[in-house]
Amino acid sequence: MGNPGNEPDRDPDRDAKRDEFIRQLTSERRHQLLEIGCGDGEDGLAFKAAGINYTGVDSSEANVRAARARHLEASVAVPDSLPFADRTFDAAWCMGTLIHVSNTELYGVLDEFLRVLKPGAPLAVGLRSGEDEERLDLVDGYATRLFSSLRSDETVLSLFEPHGSVKDFTTWESPGQPGHFQYFILAKF
């Protein structure tokens, strides 16, 4: 779920989608948001500024410390085991985290996300596209390996549609990034 200070430059299209999602949540009176893969809390600040009760989780203790330093509620957790009761949240935001989940594990992870969401709650998802390949990339030289599952648009839709209604599926090119960015909202059945 990322390292603090190692985030790429902000993507203005992605930030515009976040702001659009905030407007949607506000208009629908959805006040309890979970961000899965909160990083250092950059998006959390925008949700909190809009008056949304924000909770973030990240697998990195350093990211959670950075988010807490920004006065955000955040805790260490992994995507397949969220420390919340069923139907706790009105919405969820998950940008980039699911690229690190294999296709074989994705179904269970999505079940866990949806478990903590109320019926009808929107889950906003952002991913980096690819040629349907799973791989280990070297990070920081040779010592650290990072798993990535890059998925075509067709594969993303086939993996997510059994879990809910896919809405607002949008893609765009991000300068300096391979593939394209995939964004959509999954509405829980």
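The values are calculated or read from the model by the stated rules, or taken from the named source; none is laboratory data. Everything quoted here is computed from the prediction, not taken from an experiment. In this analysis, Cβ positions are derived from the backbone assuming ideal geometry, glycine residues included, and neighbour counts consider all displayed protein chains. Protein only, heavy atoms only, side chains kept; ligands, DNA and RNA dropped before computing areas. Shrake-Rupley method; radii C 1.70, N 1.55, O 1.52, S 1.80 Å.
In the list VAL125, VAL109, VAL64, which residue meets the criterion of being among the hydrophobic types (A, V, I, L, M, F, W, C) and touching a Ser or Thr at 6+ places or on another chain (Cβ under 8 Å)? Step through it out loud before you land on a result.
Details: VAL125 fails: touching a Ser or Thr at 6+ places or on another chain (Cβ under 8 Å); VAL109 fails: touching a Ser or Thr at 6+ places or on another chain (Cβ under 8 Å).
Of the residues listed, the single one that is among the hydrophobic types (A, V, I, L, M, F, W, C) and touching a Ser or Thr at 6+ places or on another chain (Cβ under 8 Å) is VAL64.
Return the total of residues in region 41-63 being under 18 Å from THR88 (Cβ atoms), open to solvent by 40 Å² or more (accessible area, probe 1.4 Å) and either in a helix (DSSP H, G or I) or touching a Gly at 6+ places or on another chain (Cβ under 7 Å) (or both). Explain how you work it out, then say what you get.
Here is the first cut: in region 41-63, the ones under 18 Å from THR88 (Cβ atoms) are 44, 47-48, 52-58.
Now drop any that are not open to solvent by 40 Å² or more (accessible area, probe 1.4 Å), which leaves 48, 53.
Now restrict to residues that are either in a helix (DSSP H, G or I) or touching a Gly at 6+ places or on another chain (Cβ under 7 Å) (or both): 48.
Selection size over region 41-63: 1.
Read through the list (1) open to solvent by 70 Å² or more (accessible area, probe 1.4 Å); (2) touching a Phe, Trp or Tyr at 6+ places or on another chain (Cβ under 8 Å); (3) at pLDDT below 90, then give the number of the only condition that SER174 fails.
Single failed check for SER174: (1).
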